[in-house]
Every structure is written in C-alpha cells, then in structure tokens.
Amino acid sequence: MAKPPKFDVPELGDYTVTPPVMPDAMSHSQPFVAKATHQEAIGFPGELIDNWQEVAIEKLGELTGKYRGLQVYLDSCVKCGACTDKCHYFLGTGDPKNMPVARQDLLRKVYRRYYTVAGKYFPKLVGAEDLTKDVLDDWYKYYHQCSQCRRCSVYCPYGIDTAEVSMAAREIMDSVGLGQKYCNEIIGKVHKIGNNLGLPEAALADTLEGLEEDVLEDDGVPVKFPLDVKGADVLLVTPSADFFAEPHIDGLIGYAKVFHQAGLSWTVSSHASEAANFGLFIGNYDNMRKVALRIREAALELGVKRIVFGECGHAWRVGYSFLNTLAGPFDFLDSNYPVPQHIVEVTHDLIQQGRIKLDAEANDDKRVTFHDSCNVARASRMGSKAGGQFVLPREIIKASCNHFYEMPANTVEEATFCCGGGGGLLTDDLVELRVKGAMPRMQALKEVHDQHNITHMAAICAICKSQFSKVLPYYGFEMDQIISVHQLVGDALIMDTEH
Amino acid sequence: MGTVISVVLYLTLGVFVVGTLRRMMRYASTPAPLKIPTTPAPTTRTGVVFRLGREVVFFESLFKASKWTWLFGWLFHAGLFFVLLAHLRYFTEPVWWWVAILAPFSPYFGFMMLIGLAGLLARRFLVDRVRYISAPSDYLMLVFLMAIAGSGLLMRFELHADIVQVKQFALGLLAFEFAGLSFNPVLILHLLLVAVLMFIFPFSKLLHAPGLFFSPSRNQVDNPRERRHIARWAKSLESHSSGKSSGNSRG
Ligand code: SF4
Ligand code: SF4
C-alpha cells in the first residue's frame, strides 16, 4: 500500500519512548520556497532582499511591540526543559531543534542579541547570537517543522506558546522575501478565487449538484446542497476539501443530511467557499483578516441569520477565537446563536432537542476512536462550558455508533498529539517530517487498536483527515481508516423520506 | 564597611525596582491583539484568577509536564518564599508574631532551597535534552542561588554573624541610616550576592516571575464569541482599510 519510503519510518513499540538527542537529524528538511508571484500576490517582497538582516531585526522589534505574547514569551523562558519531550516532531525525529524551547531559542537568541542588555554585552554568557545566514536557514527549516499545535504551551509553567513564536518567525521571513510556497500560494488563491483549491464557482456548483444526485440515489432522500442561496438561515463555511476529497465528502454529506432532517435552510457561499485561513499559519494579521472578511461579506450578501463552520481544526480556531475580532461585530445575525457555531454544536443541540434521531446500529460494523484535533482542543471551545470541545464530539460519536474507545489518556483532550500535518506543513515536500511527526499519534492508535480492534479513527479537521490518509499506510494501517465525525452521523441519521 | 554595603544595596534595589517596573509597564502597554488562552480556559475573570493562582502556588502546568522538575522547582521556590518571610525578623521591631513563629524553621526552608536547586542543577547536567538547551548563564544562575542559600545556612550553623548587629544594620537600611557592620566574610558575600541578584533581575530570565501574569495563554478569559476583543492597532486597520475591504465585497 505505502510507496517505498526514502527514509526510515519510526517503529511503533509498546508505548512512546522519548528519543535521545540527535543533533541535525532533520536539518535536511525544508519546504519549497515561495516564488516571487506567490510572495507579491500577498504583499511580500518576491525574493530575499539585500538588506534582509537589518529588516528582519527591525521587524522582530516591531512584532514584540505589537504582540504581548511574543514579548513575554521571549523574556520569560527559564529553560526548565518541561516542554522538551512534548513535541511530536521531537519525539518522531530526535532532532533537538524540534524541542519547543530550542525552536523558540532560534528566535530568542537573536532577540537577546539585539534587544536585551545582557545579550548586547555578554552574548556568549546568555546564549545570544548575531543574525547570520546560517541562523536564517535554521529559521526556515525549523519554523517549518512546527505545526503550531500548542501542545508545548499546555506544559510550560508560563504558558509559553511556541506556535506564537513560529508565527512571528514566519512573518519575519515573509517580510524579507523568504516565504513558504505551500502556504503563500494557497493564501493567494483564497484571495483570488475564494478557496484553497482554486475551485471556481462553476466547478463548485457542479460538484454540489453531483452530491445531490449521489445522496438521492443512495438514500432515496432529496437532500439539497445549496449554493449562494439568498435568504437562507445558515451560511455553512467549510474547508474546500469537503467538496471533493475522501474521506471529507462523507462529512459534508453528513452535515447536509442533518440540516435536511432538522428542516434548517442553509447555503454554501462561492465567495467564502473555504473555511481554512492560512493567514494564521504565516502569522500575518492582514492576510488573516482579509481572508476572514470574506465570511462577513458572504453573510451580508446572502442575508443569512447564522454562520456555521464545518469540520476544520485551525479554521475553527480562527472562527471561534478570532472571527469576532477580525471581522466582527456580527450584530446583524440572529443573536440567539453564538457566532460562529461549529457543526458539531449544531448537531449536538439538535440531538438534545430531539429534532434529529440517530440509529447507532447503522455503524455496528465500526469500532471507533476519536482524534482530538490540536486547534480545536487547545485553541478553541464548543458549547458553553470549558472543555466542551472534548465532550460534544464524543457525545455525537457515541450517539452514532455503539463501539467507541479512547486512546491513552496522555494523548487525548488537551494532551492530544497533532496529526503531524498542521500549521501549513501539509505538503508533499515535507513528507518525511509528516510521517515522523505522526508517530506519537500512530503509537496511541496502535495501542487502542491492539486492545479493542479499532477499525476507524474519527476526526473533525480537514488537515488531520488528509494527513492521516497519507501517513496511516506508512504505519501498517489502511488509508480509509480515517473518517469524518459527520460521516458517522450521516450514516446513523434516521431520515424521513416524505420531507 | 556598613556604608559601602548599604550604598550597594540601595543602588541594586533601585535597579531591581525600576527595571522590573519598566519591564512590567512594557508588558502591560503591549497589546494582545488576539484571544489566545490555552484551552480549556476559564470563561470568567474569577476563573482566570484561580488559574493563575494555581500556577503560582502549585505550578500546575509544570506538574503535568514533569514530576521531577516540578518537585525540585517547587521545593526551591517554596523554600525561598518562606526564607524571605523569615528574614522579616531583621526588618521588624518588635518582630511580627507570625514571623517569630516562622523564624526558627528557616534552616529547613534553606535546605529546601538547596535540595531543589541541586536537583535542578543535576537535571541540567544529566538530562541530554536539558543540557542541550542550557546556556552558561543557566548553570550560573543555579550556582548563584545555591551560594546565597549556602552562605545563609553557613552563618546559621558555623560562622555565626552578629545577629544583633545585623538587625541594627537592617533597621538602619529602612531608616536611611548607615549602621556599622563588622567584617564577616560570609555575611558580606551573602549580601553582595543578593545585591547582584537584584541587579540582574530585570535583565534576565528571572523576569519569568512577572511574566507569568502577563502571559496571554494563561491570563485571558475564554469569551471571544461573547465579547469582541480588539487591539488599538488592529482597530485602526479597520477604519483606514474599510475602502479596501468594501472593494472586495461583491454586495
Ligand atoms: S506548537 Fe506543537 S509543533 Fe510547535 S513546538 Fe510546540 S508542540 Fe511542537
Ligand atoms: S517549559 Fe516553558 S520555561 Fe520551560 S523550557 Fe519550555 S518554554 Fe522554557
């Protein structure tokens, strides 16, 4: 099944072992550099500028003045080492620069050199360093070996979030003309066409129509997949992978069935046909805001009452935590519902109110576990109580299938391991990193699989789903063992045919 | 002697207070434009107070991360906290009652500090990951603190300082009177090390102490949907780019 790897796939043992430090184990890993066209389309210099060093240092100073988090994090680390064994990329590769604190230090040593008294006068003593080409190269490599999953920030006594440091570093690199192709090309597409895949409106309309036919054929129910319907109640903003890729599509079918069965009028917008917001990954407020504003514009244009996000981890972070900031206020929407809502919240509410019914036996052929996506787990919430992001999806899964089992406790909920492909790393030029970074999650999956014969792992994130489809075969699983939570819902949902 | 030490202590205390306050003012005045609490996070202000309280008193996150680091780190900090309180006996006359109760136990607190520091230092040498991230200053800081605790304990058990004189000196400091201090090398070392520590505080990783309270991942309330959170610089983006964004809009 797996194509022959050019690197050693980590072996899964009985439990995760912290590897010894292996300097430079991943120093060959770096993503393709953005071309001038990608860079310029989103407001950055086309290639590495001549005075990059000066500009980068200045940008660093600007960012510490704009983001309190960055400023406090750069000052506060005591090198206690609590975070050193918490990153899936370190656990999977052993490269010490993948330890969260060491990753931060790549930027911190430059900050110290130019912005602190100690680093100016005693650089050796406090580990401060000049910004050289070597340092810049290290930035490019290792800030693209961080999926911004925030696992390290859970364990740091000061909450130091390496994701924030990575974002700042990427922003600095972009501002001197050293961008990452994958992210920047995609952001350009969103600005221009409306989604990450560059799927134009006509193709989207076709796809949705095709889905209507499929569902009618399979279930005999005329479930609609509306596009740009003015006056619909709900605007669904979902990752574009939901429109065409497996296993994502089955999730989209699940949402559509839920809306249909509950009698909710909804629509997708061609203007905002993408929930993903890669502006987050490159730490650039302007791009993130511009991408987020499409959603506001679409909501206004279509005159909807509610905004609902589909299954996508980082999109939910931007949706839940930032949308109100970036594109609010949303006082023109129905104030009876939070803005935005997650599809899981919607489905959960409908189950609670008895407006939809599920027959868990429909999924009796499956034995399911659940992967908490990092951005949902550690950077957002669902429902009204802290930790609802763990409870709601599990309750939905349990309502949809009879055989649900948890992975080991130190790999779920706030301790969840990233799939290995988040934060703008879901690209083929980083396959080795992705496979190795998935090791801790694969280890946990193996453990629950050995005990309970798991057939499927459900997730609520497009990146997780794509990443697992790719890496599962490397570890001896099948690529279709990863499914959408709403696939389970869709299959278990009891539909009235006369609707 | 006493005068020199007094001047050094005043100056370094000044650097400590002014430097740390300036740093805190910088943290306070730097905006946090986005809601980034590490979730699950409290949904109310009171909840945040408790979250920070648990971090300060119990080192909650560190406990989740590494039991050994937590044990040594907590022993050291708790020891330091009580030792500092016990030192109030030099600065209060009559000695406050609860300080008087604490004072006899201060050697135990001193040993707590030493054990904690020794454990942390051993980790720095022995764990390859921690060794990798340690700069010379990280080792020095521990050695330094051990020297402070060690010199304090030494005076308690061996080379006793003249307690009555030390107290007069301390009260003198408070009253801005320069009291004499006879030459006791351990005492002088103890005081000078403390002076150096105060001096480097605002320029070093000791800033983690105020830093925790300003850390957005720990001090923010999780309520972004209920309340619009917006920084001033981000707000200004809205007014002057409104033309641009309406250009995007197809409505
Ligand atoms: S944010 Fe995640 S990927 Fe990045 S350093 Fe921390 S644990 Fe590793
Ligand atoms: S846990 Fe926090 S303070 Fe400790 S080394 Fe890591 S980033 Fe630094």
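Of everything in the range A:331-350, what is more than 9 Å from every other protein chain (Cβ to nearest Cβ), farther than 25 Å from A:A399 by Cα and not hydroxyl-bearing (S, T, Y)? Give them in sequence order.
Of everything in the range A:331-350, those that are more than 9 Å from every other protein chain (Cβ to nearest Cβ), farther than 25 Å from A:A399 by Cα and not hydroxyl-bearing (S, T, Y) turn out to be A:D331, A:F332, A:L333, A:D334, A:N336.
For a quick check of your reading of the model, give me the residue pairs whose first member lies in the range B:220-231 and is within 7 Å of chain A (Cβ to nearest Cβ), whose second is buried (at least 17 other Cβ atoms within 10 Å of the Cβ) and of a type in the set (A, V, I, L, M), with beta-carbon atoms closer than 6 Å and at least 6 apart or on different chains.
Close Cβ pairs satisfying both conditions: B:D222/B:A41.
Yes/no per residue for (1) more than 13 Å from every other protein chain (Cβ to nearest Cβ); (2) in a helix (DSSP H, G or I); (3) without any contact (Cβ under 8 Å) to a residue 24 or more places away in the chain; (4) among the charged types (D, E, K, R):
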position	(1), (2), (3), (4)
B:L120	no, yes, no, no
B:V130	no, yes, yes, no
B:L140	no, yes, yes, no
B:L154	yes, yes, no, no
B:L173	yes, yes, no, no
B:L181	yes, no, no, no
B:L189	yes, yes, no, no
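Give the number of residues within the range A:457-469 that are surrounded by 22 or more Cβ atoms within 10 Å (Cβ to Cβ) and in contact with a strand residue (DSSP E or B) (Cβ under 7 Å, 6 or more places away or on another chain).
Going through the range A:457-469 one residue at a time, the tally reaches 5.
Just need a number here: residues in the range A:300-324 that are in a helix (DSSP H, G or I) and either at the interface with another protein chain (Cβ under 8 Å from one of its Cβ atoms) or crowded, with 24+ Cβ neighbours inside 10 Å (or both).
Residues flagged as in a helix (DSSP H, G or I) and either at the interface with another protein chain (Cβ under 8 Å from one of its Cβ atoms) or crowded, with 24+ Cβ neighbours inside 10 Å (or both) within the range A:300-324 amount to 14.
Please go through the range A:138-168 and pick out each residue that is in contact (Cβ under 8 Å) with a residue 24 or more places away in the chain and away from ligand 1 (no atom under 11 Å from the Cβ).
Passing the criteria: A:D138, A:W139, A:Y140, A:K141, A:P157, A:Y158, A:A168.
With respect to A:F244, is the statement that it is among the aromatic types (F, W, Y), open to solvent by 20 Å² or more (accessible area, probe 1.4 Å) and either more than 16 Å from ligand 1 (Cβ to nearest atom) or out of contact with any Leu (no Cβ under 8 Å at 6 or more places or on another chain) (or both) true?
Against the criterion (among the aromatic types (F, W, Y), open to solvent by 20 Å² or more (accessible area, probe 1.4 Å) and either more than 16 Å from ligand 1 (Cβ to nearest atom) or out of contact with any Leu (no Cβ under 8 Å at 6 or more places or on another chain) (or both)), A:F244 qualifies.
When you look at A:K385, is it within 30 Å of A:T162 (Cβ to Cβ) and either in the same structural domain as A:L264 (by TED's automatic domain parsing) or surrounded by fewer than 24 Cβ atoms within 10 Å (Cβ to Cβ) (or both), yes or no?
It is true that A:K385 is within 30 Å of A:T162 (Cβ to Cβ) and either in the same structural domain as A:L264 (by TED's automatic domain parsing) or surrounded by fewer than 24 Cβ atoms within 10 Å (Cβ to Cβ) (or both).
Name the single residue that is most open to solvent (accessible area, probe 1.4 Å) among those in the range A:263-274 being within 11 Å of chain B (Cβ to nearest Cβ) and more than 21 Å from the chain's Cα centre (by Cα).
Checked the range A:263-274; the qualifying residue most open to solvent (accessible area, probe 1.4 Å) is A:H271.
Is it true that some residue in the range A:275-288 is open to solvent by 20 Å² or more (accessible area, probe 1.4 Å) and more than 14 Å from chain B (Cβ to nearest Cβ)?
No, there is no match, as no residue in the range A:275-288 is open to solvent by 20 Å² or more (accessible area, probe 1.4 Å) and more than 14 Å from chain B (Cβ to nearest Cβ).
Give the residue that is farthest from B:Q220 (Cα to Cα), with candidates limited to residues of the range B:14-37 that are within 7 Å of chain A (Cβ to nearest Cβ) and in contact with a Pro (Cβ under 6 Å, 6 or more places away or on another chain).
B:A32
Any idea which of A:G179, A:G188, A:G198, A:G194 is in contact with a strand residue (DSSP E or B) (Cβ under 9 Å, 6 or more places away or on another chain), more than 16 Å from ligand 2 (Cβ to nearest atom) and of a type in the set (G, A, S)?
A:G179
Just checking: which of the helices (runs of 4 or more DSSP H) contained wholly in the range A:43-142 hold 2 or more residues that are more than 16 Å from ligand 2 (Cβ to nearest atom) and more than 30 Å from the chain's Cα centre (by Cα)?
Filter on the range A:43-142 gives A:52-66, A:100-115, A:117-121, A:123-126.
Could you say which residue among A:K86, A:K120, A:K133 is open to solvent by 10 Å² or more (accessible area, probe 1.4 Å) and under 24 Å from B:A122 (Cα atoms)?
Matching residue, one of A:K86, A:K120, A:K133: A:K86.
Looking only at helices (runs of 4 or more DSSP H) that fall completely inside the range A:414-499, which ones have 3 or more residues that are more than 20 Å from A:Y255 (Cα to Cα) and not assigned by TED's automatic domain parsing to the domain that holds A:A362?
So the answer is none; nothing clears 3.
Conditions (1) closer than 27 Å to A:Q467 by Cβ; (2) out of contact with any Cys (no Cβ under 6 Å at 6 or more places or on another chain), marked per residue:
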{"site": "A:G254", "(1), (2)": "yes, yes"}
{"site": "A:V258", "(1), (2)": "yes, yes"}
{"site": "A:T267", "(1), (2)": "no, yes"}
{"site": "A:A272", "(1), (2)": "yes, yes"}
{"site": "A:A275", "(1), (2)": "yes, no"}
{"site": "A:F278", "(1), (2)": "yes, no"}
{"site": "A:D286", "(1), (2)": "no, yes"}
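Is there a residue in the range A:253-267 that is in the same structural domain as A:I356 (by TED's automatic domain parsing), modelled with pLDDT of 95 or more and under 19 Å from A:L197 (Cα atoms)?
no
Tell me which residues, restricted to the range B:208-244, are in a loop (DSSP other than H, G, I, E, B) and modelled with pLDDT of 90 or more.
Passing the criteria: B:S215, B:Q220, B:V221, B:D222, B:N223, B:P224, B:R225, B:E226, B:R227, B:R228, B:H229, B:I230.
The values are calculated or read from the model by the stated rules, or taken from the named source; none is laboratory data. Please read all numbers here as calculations on a predicted model, not as lab measurements. Heads up, the Cβs are rebuilt from the backbone with ideal geometry, glycines too, and the neighbour counts pull from every protein chain shown. Calculation scope for accessible area: heavy atoms of the full protein, side chains included, ligands and nucleic acids excluded. Shrake-Rupley method; radii C 1.70, N 1.55, O 1.52, S 1.80 Å.
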